[in-house]
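Please read the structure below before turning to the comments.
The values are calculated or read from the model by the stated rules, or taken from the named source; none is laboratory data. For clarity, every value in this text was computed on a predicted model and none was experimentally measured. Note: ideal-geometry Cβ built from the backbone for every residue, glycine included; neighbour counts use all protein chains shown. Surface accessibility is based on the protein's heavy atoms, side chains included, excluding ligands, DNA and RNA. Shrake-Rupley method; radii C 1.70, N 1.55, O 1.52, S 1.80 Å.
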Amino acid sequence: MTNHPHDALFKASLTPEAARSLCRAVLPGELADAFESAEITRAPGEFIEEALRDRSSDVLYRAMLGEEETLIYVLFEHQSTVDRLMAFRVLRYMVRIWSQWLDDQEARPERLPPILPIVVYHGERSWNAPHAFEDLVDLPAPLASAKHLVPSFRFVLDDLSQRSDGELRARGAPTFAAVTWIFFRHAYDADRGIEVWRSCADLIGELANDLPQQHGSLLQLVRYSLLQSLGSPEELREELRRVGGPRAEEVAVTAGEQLLEQGRREGEVSGVLKGERRLLLRILARLGTVTPGIDARVQ
């Protein structure tokens, strides 16, 4: 099965309009107001290291405030624990974004566009790490006067574990995004299961009543729910039939079939790799002793 169920749902749901509602929810009033009428578009690029993509996702947006360009970077942390060095990670990603931006310019500019970094977190515990980069730098007493030489910035934190479902609904996000935020908030509430779905029945009903336009959105929600155990296949089918009739129920059937097919394909790939491993180990055994270190490298 996929290692990135959060990633797929996050990127599908966070449309430019959803990003606007996120800015409205987490930025100070005068900043949020600036984006109300701005043209916001998705920008290409992923800036997270490959090794961290199983626990993080990111999306970059370009907002035009008149003739001036601003970049909005949204980093989604789908891990249960807090990264104490998050401000350092965000700084690395911001440098990568600026580097990509420079590469895209026809002429070498003399100034850089601002980047507004927003970190969305939905861990089991509330966030307790610094938001400001300078708070990570340990200046010894003799260098106290050098604080102005340390990069100074802070990211905006959206800690979903500290939001209520009502607050997430009140953001004015598109329906698909609103349900996604609520699902993420309850990602570690597997014991609640189908209750999370039932609490969003009115919102899911809106999507179900807008088929086939919202077919992809519903499909993503069902896939995520199955992977996160937010309801069994039978329960999800029943809920979709209740709020949207047979056409909506069919979405749950399709999602289940897709996951079964995906699991079959991944199983076939895994079987091929295991067969190749056994063959390689047999060849190596003929050449000499297969030590634990060699076996680990083959694995």
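Considering only strands (runs of 3 or more DSSP E) fully contained in the range 1-102, which possess at least 2 residues that are in contact with a helix residue (DSSP H, G or I) (Cβ under 7 Å, 6 or more places away or on another chain) and open to solvent by less than 30 Å² (accessible area, probe 1.4 Å)?
Details: elements: 39-43, 56-65, 68-77.
Answer list for the range 1-102: 56-65, 68-77.
Where residues in the range 226-243 are among the small types (G, A, S) and out of contact with any Asp or Glu (no Cβ under 9 Å at 6 or more places or on another chain), which of them is farthest from L14 (Cα to Cα)? Before you say what the answer is, go through the steps one by one.
Within the range 226-243, the first condition is being among the small types (G, A, S), and the residues that meet it are 229, 231-232.
Now narrow it down to the ones that are out of contact with any Asp or Glu (no Cβ under 9 Å at 6 or more places or on another chain): 229, 232.
Working: S229: 22, S232: 26 Å.
In this case the residue turns out to be S232.
Matching residues to (1) farther than 27 Å from R125 by Cα; (2) touching a Lys or Arg at 6+ places or on another chain (Cβ under 9 Å):
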residue	(1), (2)
G193	no, no
W197	no, no
A208	yes, yes
Q214	yes, no
L218	yes, no
E235	yes, no
E238	yes, no
V243	yes, no
R247	yes, no
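Restricting the first residue to the range 181-205 and requiring it to be in contact (Cβ under 8 Å) with a residue 24 or more places away in the chain, which pairs with a second residue that is among the β-branched types (V, I, T) and open to solvent by 10 Å² or more (accessible area, probe 1.4 Å) meet a Cβ separation below 7 Å and a spacing of at least six or different chains?
Hits for this filter: A201/V243; L203/T175; I204/V243; G205/V243.
Need a quick list: helices (runs of 4 or more DSSP H) entirely within the range 144-218 having at least 2 residues that are open to solvent by less than 20 Å² (accessible area, probe 1.4 Å).
Numbers: elements: 165-169, 175-185, 194-199, 201-208.
Output list reads 175-185, 194-199, 201-208.
Starting from the range 224-238, take each residue that is hydroxyl-bearing (S, T, Y) and list its partners that are part of a loop (DSSP other than H, G, I, E, B), counting only C-beta distances under 8 angstrom and pairs at least six apart or across chains.
Y224/L230; S225/G231; S229/A190; S229/G193; S232/G193
Output the number of residues of the range 219-250 satisfying the condition of being open to solvent by less than 30 Å² (accessible area, probe 1.4 Å) and part of a loop (DSSP other than H, G, I, E, B).
The qualifying residues number 2.
Would you check if F35 is under 24 Å from R89 (Cα atoms) and touching a residue at least 12 places away in the same chain (Cβ under 8 Å)?
Values: under 24 Å from R89 (Cα atoms): no; touching a residue at least 12 places away in the same chain (Cβ under 8 Å): yes.
Considered against the rule, which asks whether it is under 24 Å from R89 (Cα atoms) and touching a residue at least 12 places away in the same chain (Cβ under 8 Å), F35 comes out as no.
Cβ-Cβ under 8 Å, sequence separation 6+ or interchain: first residue in the range 100-117 and without any contact (Cβ under 8 Å) to a residue 60 or more places away in the chain, partner acidic (D, E). Which pairs?
P113/E68; P113/E69
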